[in-house]
1. Can you give the charge dipole size of the chain about its Cα centre, rounded to the nearest 20 debye, using +1 on the beta carbon of Lys and Arg and -1 on the beta carbon of Asp and Glu?
2. Suppose only helical runs count, i.e. DSSP H with n ≥ 4. What mean residue ellipticity at 222 nm does that imply for the chain under -39500 (n - 2.57) per run, divided by all residues and rounded to the nearest 500 deg cm²/dmol?
3. Could you work out how much longer the chain between Q10 and S81 gets when fully extended? Use 0.36 nm per residue separation minus the Cα distance between them, nm to one decimal.
4. Scan around V109 for amide H atoms under 5 Å from its own, H built in the peptide plane at 1.01 Å from N, and keep only partners 5 or more places away or cross-chain.
5. Stokes-Einstein diffusion coefficient for segment 50-101 at 10 °C in a medium of 1.306 mPa s, Rh from the Kirkwood formula over Cα pairs: what value in µm²/s?
6. With N residues in segment 132-222, what two-decimal value do you get for its Cα radius of gyration over 2.2 N^0.38 Å?
7. With every protein chain left in place and a probe of 1.4 Å, what is the accessible surface of D162, to the nearest 10 Å²?
8. Once the Cα atoms of the chain are picked out, what are the Rg and Dmax in Å?
Amino acid sequence: MMIKTRMPTQSKEHPNLWVFEHPVIQEKLTRIRNLNTQHSEFRRLLNEISGLMFFQISRDYKTTTVDVETPIERTTGQQLSHPITLVPILRAGVGMTDGILSMIPEARVGHIGVYRDEETKQPVPYYCKLPTDISSGPVLLIDPMLATGGSASYAARLLEEDYCCTQIKMVCLVVSPEGVAKMQSEHPNIPIYTASLDRCLNEDGYILPGLGDAGDRIFGTL
Ligand code: PRP
Ligand code: URA
């Protein structure tokens with residue numbers, strides 16, 4: 001029996017990738033992968049995993065010391081120094097956002113709409129609404145699937161170049177080696193956190209073993 005002490009673990013092959021091998025997360029991921037898991041349970045499990053991952057991902061967020069008056073006496077405590085912005089990539093990223101908001105309800109939520117053209121596999125942008133001062137704090141880019149990396153790289157470029165964000169992390173449920181390598185070469189300063197580094201992509205650009213089409217499974221549009 002192997003007991004993992006580091007949490008999450010940095011991938012040996014991909015310096016930009018951190019994998020959550022925690023048994024509770026892995027058990028939930030296995031249920032998500034199962035083709036018999038229906039959308040309501042799929043959504044619940046995905047949100048649970050997202051909240052658990054966020055708890056660790058946010059561990060280096062900066063805090064400021066503040067005074068606080070308890071019913072007994074005055075003391076000091078901590079408050080987050082900068083506003084946190086969650087940025088789900090529509091539509092599947094929405095399936096992870098509530099789980100993270102349950103940990104940090106005060107986070108702001110921006111949206112980037114981009115879908116993958118099924119023929120060309122290229123990202124097709126269609127929506128963007130972000131806080132104008134998004135670069136003033138940490139940004140968490142959210143998408144359960146990192147496949148070719150086209151959608152994530154498009155969103156990351158928008159955040160880095162158009163909105164001048166420098167404190168970006170990305171959280172995914174499952175990633176492919178191809179997608180992680182593309183992000184490493186195009187956005188080396190964005191660490192990616194995931195529950196699984198899967199094997200590869202198939203000829204249709206789907207992750208193997210993966211879990212199928214995340215958006216369809218989250219929203220029951222199969
Ligand atoms: C899925 C997924 C990612 C993208 C990953 O979205 O949620 O955004 O594919 O693929 P890529 O890494 O090759 O770009 P999809 O395009 O199916 O849109 P949807 O969420 O609206 O269903
Ligand atoms: N998008 C998905 O939803 N699943 C994949 O496996 C690849 C892209």
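1. For this selection, approximately 420 debye.
2. -8500 deg cm²/dmol
3. Computed gain between Q10 and S81 is 22.9 nm.
4. Result for V109 returns L86.
5. The Stokes-Einstein estimate is 119 µm²/s.
6. Relative to the 2.2 N^0.38 Å estimate, segment 132-222 comes out at 1.11.
7. 90
8. Both quantities, over Cα of the chain: 17.8, 65 Å.
The values are calculated or read from the model by the stated rules, or taken from the named source; none is laboratory data. Computed from a prediction, not measured in an experiment: that's the story for all the values here. Because the Cβ atoms are built from the backbone with ideal geometry, glycine has one as well, and the counts that use them run over all protein chains shown. To get the accessible areas, we keep the full protein, side chains included, count just its heavy atoms, and leave off ligands, DNA and RNA. Shrake-Rupley method; radii C 1.70, N 1.55, O 1.52, S 1.80 Å.
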